[in-house]
C-alpha cells in the first residue's frame with residue numbers, strides 16, 4: 001500500500017528525521033543539541049511545503065486536510081470527537097511549553113559563546129620570528145609536552161589527562177576548525193595572555209587557559225606554536241605561501 | 001596752503017570726536033566680539049551632538065540605511081531598465097520597451113526620495129558628528145565636488161531619459177539609449193564616490209602630503225573600495241530586480257483586466273530573473289570583500305567572521321537560503337502553471353534540486369559553535385560537534401554556496417527549456433555533454449571543499465575557493481550560450497501561458513523583496529559594526545556615549561525596523577507613481593467585469609482565492625515565452 005496523502009507523507013518524513021537525528025545518529029557520534037535538531041526539522045517541513053504546494057492540486061492535497069480539520073468539514077462521529085480533543089489539548093500543550101520555558105530552573109541557559117574574539121591591536125600582524133627548522137620544532141614540541149600536553153593532549157587532540165576536568169574542554173588542535181583557521185599571532189596572544197587576558201567582547205568567558213607570560217619567554221611561546229602546528233599536522237593561516 | 005592742507009585732513013585722519021565715538025563703540029562691541037569668538041571656539045570644539053530620547057546613533061542608523069536602500073534601488077534599476085530597452089530595440093518587441101519604461105517610472109519617483117534622505121543624512125552627520133565630518137571633509141573635499149557634479153549630471157540625464165522616452169522613439173532611439181548609458185555611467189560614479197568615504201572609515205590608508213586632489217585620491221584608493229563597489233553594484237541589481245518583482249506581484253494581485261494580469265505576471269518573472277541573475281555572482285563578490293577585510297586587518301576579519309558578529313552570518317545564511325528557495329520556488333511554480341501539463345514531467349528533477357538545496361542550506365546554517373545547554377555541551381564534549389562541527393568552517397560554506405548557485409542556475413535552464421523540443425541534430429549530444437559536465441562540476445566542487453580541510457588556509461583561499469568559483473562560472477558561461485543556440489531552433493510543444501500564476505507566487509515575489517532588504521540591513525550593520533569603537537578604524541576613535549556595539553538582539557530589532565520602514569516607503573512611492581495609471585485606464589478597461597474567470601483559484605486574486613469551479617476556464621491572451 002502506497003501512501004498518497006502529502007500531509008501524511010510529510011508527517012512520516014518528519015518523524016523519520018526526528019528519530020534519525022535524536023536516536024540513530026548518536027549511535028555513531030555525539031548527540032546533537034536540540035537547537036540543531038529543530039533547525040533540521042524546520043528545513044524538512046519547509047522542503048515538504050515547497051514541494052507539495054508547487055501546483056494547485058498539490059496545494060489542495062497538502063493544505064486540504066488541515067483546512068478541513070480546522071473547519072470540521074467531514075469530521076463527524078469519532079473523528080469529530082478526536083478533533084475536539086485536539087482543540088482542547090493544544091492550548092494545554094502550549095501552556096505547558098510556556099511554563100517549562102519560563103519556570104525557574106537550576107540549569108544554566110544555552111550557551112552562545114564567541115569562540116574567537118578579535119585579538120588586541122598589539123598582537124595583530126606579528127610573525128613568528130624564528131625559522132621553521134627541525135631543531136626549533138623539536139624544541140617547541142618538547143616545551144609543548146611539558147607545559148601544554150597535560151590538557152591539550154600528547155596527540156594534540158585536546159584529550160590530555162587533565163582535560164576531563166574542564167568545561168569547555170581544551171581545544172583540539174588536530175580539528176581543522178581550530179588552529180588551522182588562525183594566524184600564529186593569534187595563538188601567541190592566547191598563550192601569552194591566557195583566559196584572564198580575553199577581551200570583554202562576547203563575555204562571559206569560560207577559559208581556564210593559564211597566562212603563560214609569567215612562566216614562558218616569548219621565544220618559548222613562538223617555538224611551542226611551531227611545535228603545535230607541526231604535531232597536529234596543521235598549517236597556520238597566512239597571506240603568503242611558504243616556499 | 002595751510003588751510004588747504006587742513007581742509008583735506010578730516011578725510012584721511014579721524015577727528016578727536018570721531019576717535020572718541022569709535023573708542024566708545026569699540027568698548028561697547030568688545031564683549032560682543034569676545035562672545036562671538038567664544039561661540040565660534042565652542043562650536044569648533046563640539047565633537048558630538050545628540051538627539052535626546054532617540055540617540056544620535058539610532059537616528060543616523062535609520063536614515064543612513066533608508067538612504068542606502070533607496071540608493072541601491074535607484075542605482076540598480078537603470079541597469080536592467082536600459083538592458084530591457086536595448087533588448088526591445090534589437091528585437092523590435094514593444095513589450096520590452098514598455099517594461100523598461102515601467103521600471104524607469106518607479107525609478108523617477110524613488111529618485112527624489114533618495115536625494116531627500118541623502119540631504120537629511122548629510123545635515124544630521126554635520127550636526128551630530130561635526131568632528132568626524134570635519135576630518136572627512138578635510139581629506140575628501142575634492143571628491144565632494146565631484147559627487148555634486150555627478151549628481152547634477154545624473155539628475156539632468158534622468159529627466160531627459162524619462163520625459164524624452166516617447167519623443168525619442170524610432171530613428172531617435174539611439175539618442176535615448178545613449179542617455180540610458182550615460183545615466184548608468186553617472187549612477188556608477190554616484191555610487192563609487194561615497195563608497196570611498198565609507199570604505200576609508202573601515203580601511204583607512206596613510207594619506208601623505210600633497211595637493212588636495214592627491215590626498216583625496218590616496219584615501220579613495222583604499223583596500224576595500226573596489227570590493228565594496230563590486231559587491232554593491234551587484235547587490236543593487238539584486239535589490240532592484242526583487243523590488244520590481246514585488247511591485248509586479250502586488251500589481252498582479254490587484255490586476256483588473258486580463259491584459260494587466262498577463263503583463264504583471266511577465267514583469268514579475270523578469271524581476272525574479274534579474275534578482276536571481278544578480279544573486280548568482282553575489283556570494284563571490286562577498287567572499288572577495290571578506291578576504292580583503294581579513295587581509296587588511298586580522299582583528300576586523302575575526303570580529304566579523306569569528307568574533308561577536310559571527311552570529312550575523314548564520315542569520316545571513318538563513319536569509320540567503322530563503323531567497324534562493326523563494327527564487328527557485330517561483331521558477332518551479334512558473335513551470336507548473338505557465339506550461340500546462342509539465343508538472344509530472346519536471347516533478348523528479350525539481351525534487352532532486354530541492355533536496356540538494358535543502359541539504360546545502362542545512363550545512364550553511366550549521367554554526368561552528370553550536371547553541372547548546374550545559375548538558376548537551378557535556379555530551380558533545382564542548383560546543384563543537386565532533387561530526388557536524390566541520391560544517392561550521394569556510395570550506396563547507398563555500399562548497400554549499402557554490403552548489404546552491406549551480407542548482408539555481410540549472411533551475412533557470414530547466415525553466416528555459418520547458419515546453420520546447422530541440423530540433424537540432426546535435427541536440428542529444430549537447431544535452432549529454434551538458435549533463436556530464438554538470439555532474440563532473442558538482443563532484444569537483446565537493447571534492448575541492450573536502451580537500452580544503454587538509455591543506456593550509458592560504459592554499460584553500462587562493463586556489464581551492466577560486467577553483468570552485470571558476471567551475472561554477474564555467475558551467476554558467478558554457479550552458480547559457482549552448483542552451484540559447486539550442487532554443488533558437490527548438491519548436492514550442494506547449495506554449496507558455498501568462499497570467500495563470502497562483503496568488504502565492506505574488507506573495508513569493510514580495511517575500512523575496514523583503515528578504516533582500518532584510519539581508520542588506522543585516523550586512524549593512526555588520527560592515528558598519530566591524531569598525532567597533534572607531535569612526536575611522538585605528539585613526540579616529542569614537543569618544544561619544546555610543547562608543548559600544550549594541551547587543552545582537554537590539555541590532556536585529558533595528559534591522560527589522562529599517563526593513564519595515566523601507567517597505568512602507570517603497571509602497572508609498574509606488575502608490576504615488578501609479579496613481580495616474582488608474583485615471584488613464586478609464587472605466588471600460590479598468591472594470592473588474594473584464595477579468596476572465598479562467599484563473600486557477602485566484603480571481604479576484606487579492607481576496608486569496610476564487611471558487612474552484614473557475615479552474616475550467618480557458619485562458620486568453622497567451623504569449624510564447626522567449
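The values are calculated or read from the model by the stated rules, or taken from the named source; none is laboratory data. Just so it is clear, the structure is predicted and the values come from calculations on it, not from any experiment. Quick reminder, even Gly has a Cβ in these numbers, built from the backbone with ideal geometry, and neighbours come from all protein chains shown.
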With the first residue restricted to region B:84-107 and required to be surrounded by fewer than 19 Cβ atoms within 10 Å (Cβ to Cβ), and the second required to be outside any helix (DSSP H, G or I), Cβ contacts under 6 Å at 6 or more apart or on different chains are B:101/B:165
Can you tell me how many residues within region B:347-372 are touching a helix residue (DSSP H, G or I) at 6+ places or on another chain (Cβ under 7 Å), more than 9 Å from every other protein chain (Cβ to nearest Cβ) and under 18 Å from residue B:411 (Cβ atoms)? 5
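From the list B:336, B:383, which one is outside any helix (DSSP H, G or I), at the interface with another protein chain (Cβ under 10 Å from one of its Cβ atoms) and surrounded by 19 or more Cβ atoms within 10 Å (Cβ to Cβ)?
B:383
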The residue that is farthest from residue B:254 (Cα to Cα), considering only those in region B:476-505 that are more than 14 Å from every other protein chain (Cβ to nearest Cβ) and within 25 Å of the chain's Cα centre (by Cα), is B:477
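To keep it simple, each residue is scored yes or no on (1) in a helix (DSSP H, G or I); (2) touching a strand residue (DSSP E or B) at 6+ places or on another chain (Cβ under 8 Å); (3) over 22 Å from residue B:527 (Cα atoms); (4) modelled with pLDDT of 90 or more.
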| position | (1), (2), (3), (4) |
| --- | --- |
| B:304 | yes, no, no, no |
| B:320 | yes, no, no, yes |
| B:325 | yes, no, yes, yes |
| B:332 | yes, no, yes, yes |
| B:340 | no, no, yes, no |
| B:349 | yes, no, yes, yes |
| B:352 | yes, no, yes, yes |
Being in a helix (DSSP H, G or I) and under 30 Å from residue B:244 (Cβ atoms) is true for just one of B:497, B:510, B:447. Which residue is that? B:510
Among the candidates A:100, A:42, A:46, residue that is within 14 Å of chain B (Cβ to nearest Cβ), surrounded by 15 or more Cβ atoms within 10 Å (Cβ to Cβ) and either under 33 Å from the mean Cα position of the chain (by Cα) or in contact (Cβ under 8 Å) with a residue 24 or more places away in the chain (or both): A:46
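Could you list, in sequence order, all residues of region B:389-420 that are at the interface with another protein chain (Cβ under 7 Å from one of its Cβ atoms) and touching a helix residue (DSSP H, G or I) at 6+ places or on another chain (Cβ under 8 Å)?
B:390, B:393
So which helices (runs of 4 or more DSSP H) are wholly in region A:146-243 and hold at least 1 residues that are at the interface with chain B (Cβ under 10 Å from one of its Cβ atoms)?
A:184-193, A:218-232
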Any residue at all in region B:551-558 that is under 23 Å from residue B:134 (Cβ atoms), surrounded by fewer than 18 Cβ atoms within 10 Å (Cβ to Cβ), modelled with pLDDT under 95 and within 14 Å of another protein chain (Cβ to nearest Cβ)? no
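Just to be sure, is residue B:294 part of a helix (DSSP H, G or I), more than 30 Å from residue A:124 (Cα to Cα) and out of contact with any strand residue (DSSP E or B) (no Cβ under 7 Å at 6 or more places or on another chain)?
Values: part of a helix (DSSP H, G or I): yes; more than 30 Å from residue A:124 (Cα to Cα): no; out of contact with any strand residue (DSSP E or B) (no Cβ under 7 Å at 6 or more places or on another chain): yes.
No; evaluated as a whole, the condition is false for this residue.
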Is it true that some residue in region B:523-540 is under 30 Å from residue B:297 (Cα atoms), part of a helix (DSSP H, G or I) and at pLDDT 95 or above? no
Tally of residues being more than 11 Å from residue B:392 (Cα to Cα) and not in a helix (DSSP H, G or I) across region B:357-377: 3
